[in-house]
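To keep things clear, I will list the structure first and then write my remarks on it.
The values are calculated or read from the model by the stated rules, or taken from the named source; none is laboratory data. Since the structure is predicted, the reported quantities are computational estimates derived from the model, not experimental observations. Neighbour counts are summed over all protein chains in view; Cβ atoms, including those assigned to glycine, are modelled from backbone coordinates with ideal geometry. Side chains are part of the model used for accessible areas, which takes the heavy atoms of the whole protein and leaves out ligands, DNA and RNA. Shrake-Rupley method; radii C 1.70, N 1.55, O 1.52, S 1.80 Å.
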Amino acid sequence: MEDGHRRLCVRGVVEDQEADDITLQNRIGVYGAPYFNSGVLLVNMGYWRKHNVACRLVEFIREHPEKCLFPDQDALNVVLHGAVKYLPYGYNFQDLWYTRDYQWVRLHASKFKEVERWKEHPVVVHFAGGGKPWKKDCNHPFTPYYLECLAKTKWTVARYKKVREETTPLYGGSSKTSHKYIRRFNRLLAVFVIETIAFVVYWFCSAR
C-alpha cells in the first residue's frame, strides 16, 4: 500500500462534541480540519510504529505544556493533523449531543441533522462528560444499557460511586447543586442586608 494512501487511513476518528470551538484550534494552532475526540479511536498500528507517533506525542506534550489542556487529545490533533479519516458521529456518540438545546453546543448548526440521525441508535456511546452511568444521579439515556451489560460481568455487585455535590445533570432533571448555591446566596444576601441596616443605624446615631 502506498504511503500516501496509508496516511489517509492512519486511524478512524470522530469529531469532538465541540469540534467547531475556535478556541480549541487557537490553543493548539491547528486549522483546516475539525478538532477530533481521542476517547474512541481506530488505530493503524503499522503507520503508528513506522512514523514513531508515540514519541512525537510525548515530545509535543513535553515541549508545549501550555497548549495541552487535554494532553493526549490536543497532542493527537497536532501530530496527526491531516492524517486521519473522520467517521460518522455514531461511532463515538458523546454526551452533549443528548442535551435538549444544541444552541450551546460548539458545533456548526449544519451538522445537527447528522447528529440527530445517530442519536437513537449509535454504534459506540461515549460517556464523555460528568454524567457517568456508575453515578447514582446519571440520567444519560443509555445508562440502562450500561447497567444491563454490567450485570453480565463479575463486577455486577459493584456499588455506585458517591456523587459529588457539584455534579449537575446534563440531560434535564433536578440538581441538588442548584439548591445548594441558592441557599448559599440567600445566606450571603441576608448577611449583607443585616450589615447594611447596622451600618445605616450606626451612621444615623453618629450623625445625631
Do you know which residues across the stretch 54-93 are farther than 19 Å from residue 43 by Cβ, outside any helix (DSSP H, G or I) and within 18 Å of the chain's Cα centre (by Cα)? 68, 69, 93
Of the criteria (1) under 19 Å from residue 107 (Cβ atoms); (2) open to solvent by less than 30 Å² (accessible area, probe 1.4 Å); (3) without any contact (Cβ under 8 Å) to a residue 60 or more places away in the chain, which one residue 84 fails: (3)
Say whether the condition of being aliphatic (A, V, I, L, M), buried (at least 17 other Cβ atoms within 10 Å of the Cβ) and more than 21 Å from the chain's Cα centre (by Cα) is met by at least one residue in the stretch 10-33. yes
Criterion: touching a strand residue (DSSP E or B) at 6+ places or on another chain (Cβ under 9 Å) and either in a helix (DSSP H, G or I) or modelled with pLDDT under 95 (or both) - qualifying residue of 12, 46, 4, 32: 12
Count - residues of the stretch 76-88 that are closer than 17 Å to residue 24 by Cβ and either touching a Gly at 6+ places or on another chain (Cβ under 8 Å) or not hydrophobic (A, V, I, L, M, F, W, C) (or both): 6
In the stretch 91-123, anything of a type in the set (A, V, I, L, M) and either closer than 9 Å to residue 17 by Cβ or surrounded by 15 or more Cβ atoms within 10 Å (Cβ to Cβ) (or both) is listed as 96, 105, 107, 115
Among the residues of the stretch 130-145, which ones are farther than 17 Å from residue 90 by Cβ and out of contact with any Leu (no Cβ under 6 Å at 6 or more places or on another chain)? 130, 132, 133, 134, 135, 136, 137, 138, 139, 143, 144
Set 47, 102: member being under 21 Å from the mean Cα position of the chain (by Cα) and not hydrophobic (A, V, I, L, M, F, W, C): 102
Is it fair to say residue 89 is in contact with a helix residue (DSSP H, G or I) (Cβ under 6 Å, 6 or more places away or on another chain) and more than 16 Å from residue 37 (Cβ to Cβ)? no
State all residues of the stretch 97-130 that are in a helix (DSSP H, G or I) and closer than 14 Å to residue 14 by Cα; if no residue qualifies, say none. 97, 111, 114, 115, 118
